[in-house]
């Protein structure tokens, strides 16, 4: 590892942006579900894991490239999202926080171990032909899969923003997020809104998982690593705030990239977890959230 | 006194265990039931009685385990001292998390506790010079009570029984005492409790710190019994969930509930491990799938837990007051 120097700054910047784009896609799904449903999805990381396995098996058995898999992953995760909402989340959607927390925690444990039983704890990796292709631009260098993941993640996040902003359904979802009772009185079928929100959130992480497959090894508990980052990101940006989540992703990615460069990769997780605890202590509503939002009931 | 009958039966049966059974496998099961029951009870003090749901209690469990193991291996000190040090460290950690609980509610508090346990996991697994890093620490076996080098499993049963009874009594105190009533008021409606002059914040912090210290005691004894401390186990989120799960299945905020929950999940786990342990290690995950599903189903269908459910059932049969 070279000693810190000014010449590394462009590289750090590029790495931060590439990493931040992917974190944003994971975090946007989490914050969307929280914003509309007021549920923190503790099983979020497991859907990243499932996305990664989906890409791995499609690649290993069918020879399908992860980027082709994206088009299949979309409907697959949408259906998986609708099914998990119907089976697991719907009955507890009006229950207390504690019940919801334990429901998603239970879902997380079950999914993790279904993966363990079916696919063992081995570390697996999607080794595409181009996995070691490096693109150089000026003084910076980056992996081609990273760029692809970033581009798709950004496109996907932008599409989601546009959907929430301009489509009728997006408006309905935002209305439900603001006041679920008023939305119900206006004739909005909140149950369908929740189902759709949950499914869209799951699609976001599932797609993120597929994108991560050529970059990281996959194993049953891989989700924890990403979901912890996503928690830091969404709390930083304010739970439920989608634009905040994108900015939070960039901040966390910067902490991670600069931290690994300066003090080494072994301790980088400590950095963002400490950042997390510091944020919770100083400004728990997030950098852009309303003060006191963390004390809200439902 | 009738209220204590179920507990007397439970702990009485446990005390008779070593007399009736010589089989090391069964005694080991009994020891683990008592230990995990005690750990779940310690969690219950914060999660059940104070209503502060934590999924980072392994932070305290691990602090206890590491304190006992490190004091023994590094400075040749007694694990009893380690237990004390672990409890003190956990009290400090518990006080800081307790302070956080006054600012954060629900999911935010849960996330903060997970973060705490993960920070400790990273420190324990990366600080090679001090904690031996990710390989973990084998706890040397030094015969004697002072060094907790006890080969006889029957002695361990009584040690763990003492721990279990202590935790049962702590929980009963929280059910019967003025402090306990105040804590329940805080849990049900903090603002209402505050307006009645209950020192809500202080009570919550004390409950969390006490819960942390008791969890550390369980961790220290566990490390001495098992003889090996693995950072990825003692600081795992799964282990935190297990404490919570036993308390929830048994009955949140009931004194005997965590022990009943522990009987169920420890038996299931030991049985499935024995069944599938050898055949492809992955199958061990089956009991965790069952845990996960059980958690989802219990909070939905039997939120009052086994104790509440049994109590209802007995009341309906006209035996009011015999259970609970």
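If you go through the range B:80-115 and keep only what is within 9 Å of chain A (Cβ to nearest Cβ) and over 12 Å from residue A:280 (Cβ atoms), you end up with just B:106. Just one of the listed residues (B:186, B:165, B:198) is surrounded by 14 or more Cβ atoms within 10 Å (Cβ to Cβ) and outside any helix (DSSP H, G or I), and it is B:198. Being surrounded by 22 or more Cβ atoms within 10 Å (Cβ to Cβ) and either under 22 Å from residue B:113 (Cα atoms) or at pLDDT 90 or above (or both) is a description that applies to residue B:244. Among residues of the range A:34-53 being touching a helix residue (DSSP H, G or I) at 6+ places or on another chain (Cβ under 6 Å) and away from chain B (no Cβ under 14 Å), the one that is farthest from residue A:22 (Cα to Cα) is A:36. Across the range A:75-117, the number of residues qualifying as assigned to a helix (DSSP H, G or I), more than 8 Å from chain B (Cβ to nearest Cβ) and farther than 20 Å from residue A:227 by Cα comes to 8. Taken over the range B:225-236, the criterion of being over 14 Å from the mean Cα position of the chain (by Cα) and buried (at least 24 other Cβ atoms within 10 Å of the Cβ) is satisfied by B:229, B:231. Among the residues of the range A:122-138, is any buried (at least 17 other Cβ atoms within 10 Å of the Cβ), at the interface with chain B (Cβ under 7 Å from one of its Cβ atoms), under 30 Å from residue A:88 (Cα atoms) and in contact with a helix residue (DSSP H, G or I) (Cβ under 8 Å, 6 or more places away or on another chain)? Looking for residues that are buried (at least 17 other Cβ atoms within 10 Å of the Cβ), at the interface with chain B (Cβ under 7 Å from one of its Cβ atoms), under 30 Å from residue A:88 (Cα atoms) and in contact with a helix residue (DSSP H, G or I) (Cβ under 8 Å, 6 or more places away or on another chain), one finds none in the range A:122-138, hence no. A single entry from B:133, B:144, B:149, B:129 fulfils the requirement of being over 24 Å from the mean Cα position of the chain (by Cα) and surrounded by 13 or more Cβ atoms within 10 Å (Cβ to Cβ): B:133.
Where helices (runs of 4 or more DSSP H) sit wholly within the range A:181-298, those with at least 1 residues that are within 10 Å of chain B (Cβ to nearest Cβ) occupy A:222-237, A:268-282.
The values are calculated or read from the model by the stated rules, or taken from the named source; none is laboratory data. Please read all numbers here as calculations on a predicted model, not as lab measurements. Neighbour counts are summed over all protein chains in view; Cβ atoms, including those assigned to glycine, are modelled from backbone coordinates with ideal geometry.
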